[in-house]
1. Given (1) more than 29 Å from Gly162 (Cα to Cα); (2) touching a helix residue (DSSP H, G or I) at 6+ places or on another chain (Cβ under 9 Å), where does Leu64 come up short, assuming only one miss?
2. Taking the options Lys209, Lys214, name whichever one is at pLDDT below 95 and more than 20 Å from Ala136 (Cβ to Cβ).
3. When you go through Gly53, Gly78 one by one, which is the residue that is closer than 29 Å to Cys313 by Cα and assigned by TED's automatic domain parsing to the domain that holds Thr318?
4. Would you check which residues across the range 223-244 are assigned to a loop (DSSP other than H, G, I, E, B) and either closer than 21 Å to Lys209 by Cβ or at pLDDT below 95 (or both) and list them?
5. Give me the residue from the range 274-291 that is among the aliphatic types (A, V, I, L, M) and under 19 Å from Asp124 (Cα atoms) and, out of that set, surrounded by the fewest Cβ atoms within 10 Å (Cβ to Cβ).
6. Among the residues of the range 40-86, write down those that are assigned to a strand (DSSP E or B), away from the ligand (no atom under 16 Å from the Cβ) and of a type outside the set (A, V, I, L, M, F, W, C).
7. I'd like the residue in the range 292-302 that is among the aliphatic types (A, V, I, L, M) and within 21 Å of Asn187 (Cβ to Cβ) and, out of all such residues, is surrounded by the most Cβ atoms within 10 Å (Cβ to Cβ).
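The values are calculated or read from the model by the stated rules, or taken from the named source; none is laboratory data. What you are looking at is a predicted structure, and each value in this text was computed from that prediction instead of being measured. Cβ: placed from backbone, ideal geometry, glycine included. Neighbour counts: every protein chain shown.
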Amino acid sequence: MATTMKAVVIHTKGGPEVLKVEERPIPKPDNGQVLIRVKAFGLNRSEMFTRQGHSPGVDFPRILGIEATGIVEHAPGGEFEKGQIVMTAMGGMGRQFDGGYAQYTVVPTNQVQVITAQTQLGWDVLGAMPEMIQTAYGAVTKSLKVQKGDRFLVRGGTTSVGLAAIAIAKQLGAHVAATSRKPERENLLREYGIDEFFVDDGAIGKQIKNDSQKFNKILELVGTTTLKDSFQCVSKGGVVSLTGIVGNSWEIDNFAPMEVIPWGSSLATYGGWIEEFMETPLNDIVQQVEAGKFKIKVGRVFHIDQIAEAHQCMDDNTAEGKIVVLTD
Ligand SMILES: NC(=O)c1ccc[n+]([C@@H]2O[C@H](COP(=O)([O-])OP(=O)(O)OC[C@H]3O[C@@H](n4cnc5c(N)ncnc54)[C@H](OP(=O)(O)O)[C@@H]3O)[C@@H](O)[C@H]2O)c1
């Protein structure tokens with residue numbers, strides 16, 4: 001077995017060009033850890049924020065990557081067998097310890113799911129799943145508790161998390177609406193089964209003409225920049241879950257909660273960690289994707305040597321789906 005691997009290391013904050021592909025020693029797992037031969041990893045906006053220097057708890061140099069998909073190489077404690085397909089995410093990956101942007105990664109065994117389903121899916125599809133599905137599944141089923149008959153709106157429908165959330169909510173039997181700033185993206189959203197489409201001009205509340213057109217569950221992925229307007233779209237007793245911030249603003253200026261949040265409605269958030277990741281039915285969803293019952297939207301696929309280009313694509317919002325990087 002080789003002793004070194006390719007890894008993407010960040011030494012200083014900045015644009016995509018600060019991500020350097022380096023030759024690093026393959027890490028060694030202790031008891032309670034597993035060495036994974038990473039085959040693919042998805043890109044996440046939290047890695048973009050870390051790259052830009054907005055993650056105060058992260059020290060450089062660091063191998064980025066809050067998720068990885070691959071094959072078990074070695075688990076000293078015997079928790080896994082060599083060759084098993086596994087997915088991992090969160091728990092401090094790529095932040096407190098070196099993460100998934102590499103040909104190998106070592107993670108604690110308690111944050112690893114084994115995929116037992118027989119699958120012919122490519123590593124691009126499998127690699128798209130861990131964090132994207134965890135977030136969509138957690139926000140839809142745990143934060144918003146979407147059920148049959150709910151009127152569900154995804155604000156930021158064309159995000160990779162948004163598309164997965166649409167697919168999950170349709171399976172649960174909800175009436176699903178979604179937004180994009182670009183009218184031409186309606187077709188993509190219709191392919192995912194949405195019932196209603198809104199062009200997001202920042203004031204969707206004005207497009208809703210009466211209470212019956214409002215939504216009782218709203219997944220807010222654009223973030224604080226559209227949150228006030230999302231509360232113009234929520235029905236009495238409804239919930240808005242602030243789960244993403246593609247709008248790139250963490251705070252709300254002049255926020256008067258009693259004016260913004262209509263009486264009877266509520267604001268929730270979602271932030272998945274190890275427990276939520278481990279409760280996500282990834283194996284089941286792999287089977288559904290295999291059977292053509294669940295769509296995974298891979299936007300662009302890059303090789304690890306093209307990591308700067310991949311981050312540029314995320315910065316430019318041009319992927320139209322999950323960005324996945326292959327390591328071979
Ligand atoms: N809470 C959690 O545990 C958790 C976990 C993972 C991810 N997240 C968050 O979930 C969100 C979605 O992540 P993702 O990776 O799925 O995103 P993504 O695929 O990279 O989203 C790209 C899309 O976002 C929309 N967008 C970009 N900038 C925008 C802006 N300024 N205003 C409105 N829309 C904008 C664009 O859609 P249009 O051009 O079609 O409008 C774009 O195509 C992110 O904020 C991410 O940080 C949260």
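1. The single condition Leu64 does not satisfy is (1).
2. On the way: Lys214 fails: at pLDDT below 95.
Within the list Lys209, Lys214, the selection yields Lys209.
3. Working: Gly78 fails: closer than 29 Å to Cys313 by Cα.
Residue meeting the stated conditions: Gly53.
4. Filtering the range 223-244 for residues assigned to a loop (DSSP other than H, G, I, E, B) gives 223, 231-233, 243-244.
Hits for the range 223-244 are Phe231, Gln232, Cys233.
5. Looking only at the range 274-291, we keep the residues that are among the aliphatic types (A, V, I, L, M), and these are 274, 278, 282, 285-286, 289, 291.
Then keep just the ones that are under 19 Å from Asp124 (Cα atoms); that gives 282, 285-286, 289, 291.
Details: Leu282: 24, Ile285: 22, Val286: 25, Val289: 21, Ala291: 9.
Restricting to residues being among the aliphatic types (A, V, I, L, M) and under 19 Å from Asp124 (Cα atoms), the top hit is Ala291.
6. The initial filter retains those residues of the range 40-86 that are assigned to a strand (DSSP E or B), namely 40-42, 62-63, 67-74, 85-86.
The next check asks that each one be away from the ligand (no atom under 16 Å from the Cβ); those that pass are 62-63, 70-74, 85-86.
Hits for the range 40-86 are Arg62, Gly70, Glu73, His74.
7. First, pick out the residues of the range 292-302 that are among the aliphatic types (A, V, I, L, M): 296, 298, 301.
With within 21 Å of Asn187 (Cβ to Cβ) added as a condition, the list becomes 296, 298.
Values: Ile296: 24, Val298: 20.
That would be Ile296.
One line per residue, one yes/no per condition, for (1) touching an Asp or Glu at 6+ places or on another chain (Cβ under 9 Å); (2) at pLDDT below 95:
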residue: Leu35; (1), (2): yes, no
residue: Gly42; (1), (2): yes, no
residue: Gln84; (1), (2): no, no
residue: Gln118; (1), (2): yes, yes
residue: Gly122; (1), (2): no, no
